[in-house]
Amino acid sequence: MAKRPAFFIRQKKVVQDIFSFEWFSGFAISQKQKSIESLHHAILKADADARPLEVSTKSKEAIGINLSAFNLRLNNYTLENIFQSAKVFANGGPYPDLLNVLPKDAKRDERLHNSGNLKAFRYQNEDFPLIPKTVFYDFIYIAAVRNSFTVDEIREILNYNYFTDIEFNPAKSINTQARAAAMIRLLLDEYGKLPDFSRENFIQYHKEHIVYDTLI
């Protein structure tokens, strides 16, 4: 058995529950999809009205694949490169040259591990704080979706109300495309589109509408 979160909207906030399900080991996509199906079955068992969407390259739904951070680009850069290149440390950074390397190389760059404590993220000459703890990732993810899809394509998210990412383990990482997708669902519910927030307004909205603690 494994445990993974699913993200959804409750009382105009993005929240999460943890679900236990059967895990199918192996690196094949077919094994990942068996695990996804098992996770979604657990969600449906808890909520008969659930319409879960896997947001990753392992999804069986085209929209879930298209919303994968691996398939999204912003200003012609991958989200991974933007995220890593924006890090500001006590003793260095940001490192804009990381925009132009392979994403896996950007993540492994030794400067990211030898420059002291992470202090902020700097993007387009604006600093994003570490708290709320996923605010920068969510900002660039939503910006990439807004700039990559038509309004009608984005509104396909309204067909779903639970969002999962089978590779996301909250014990090992913080950011997930599933949480960001749930935030998009919330924004569509409220505005009918994805607003072009300023940095300050997005941070404030994030503080008011994203809940990190699990409910069960």
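The values are calculated or read from the model by the stated rules, or taken from the named source; none is laboratory data. Please read these numbers as outputs of a predicted model, since none were measured by experiment. In this analysis, Cβ positions are derived from the backbone assuming ideal geometry, glycine residues included, and neighbour counts consider all displayed protein chains. We work out accessible area using only protein heavy atoms, side chains counted, and drop any ligands, DNA or RNA first. Shrake-Rupley method; radii C 1.70, N 1.55, O 1.52, S 1.80 Å.
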Stretched fully, the stretch from Ile65 through Ser20 gains (0.36 nm per residue minus C-alpha distance, one decimal, in nm) 13.8 nm
Simple spin-label estimate for Ser148/Val211, 7 Å along Cα→Cβ, in nm, reads 2.9
So, relative contact order of the chain in percent, Cα under 8 Å, 6 or more apart, is 26
Mean separation of Cα contacts under 8 Å (at least 6 apart) over the residue count of region 12-104, i.e. the relative contact order in percent, is 14
In whole Hz, the Karplus estimates of ³J(HN,Hα) for region 88-101 (6.51, -1.76, 1.60; θ = phi - 60°; x where Gly or Pro) are 10, 10, 4, 10, x, x, x, 10, x, 5, 6, 5, 10, 10
In whole angstrom, the spacing between the Cα centers of region 68-100 and region 147-200 equals 20
Under 5 Å from the placed amide H of Thr134, counting only residues 5+ away or on other chains, we find none
Calc'd 3J(HN,Hα), region 147-155, phi into Karplus 6.51 cos²θ - 1.76 cosθ + 1.60 (θ = phi - 60°), Hz, glycine/Pro = x, comes to 8, 9, 10, 6, 4, 5, 5, 5, 5
Sorted by chain and number, the residues with a modelled amide H under 5 Å from that of Trp23, at a separation of 5 or more or across chains, are Ala2
Per residue, accessible area of the chain with a 1.4 Å probe, heavy atoms of protein chains only, in Å², comes to 52
Expected unfolding gain across Thr57-Glu37 under the 0.36 nm per residue rule, minus the alpha-carbon gap, is 5.8 nm
Under 21 Å between C-alpha atoms, the lysine pairs in region 99-202 lying 8 or more places apart or on different chains count 7
Given backbone amide H placed at 1.01 Å from N, residues whose amide H is under 5 Å from that of Phe128, ignoring those fewer than 5 places away on the same chain, are Phe121, Arg122, Tyr123
Length gained if Asn100 through Ser30 is fully extended, taking 0.36 nm per residue and subtracting the Cα-Cα distance, is 22.0 nm
Mean shadow area (nm²) of the C-alpha convex hull around the chain is 11.9
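Roughly speaking, to the nearest percent, how much of the chain's 1.4 Å accessible area is carbon and sulfur?
Heavy-atom surface of the chain belonging to carbon and sulfur, 1.4 Å probe: 48 percent.
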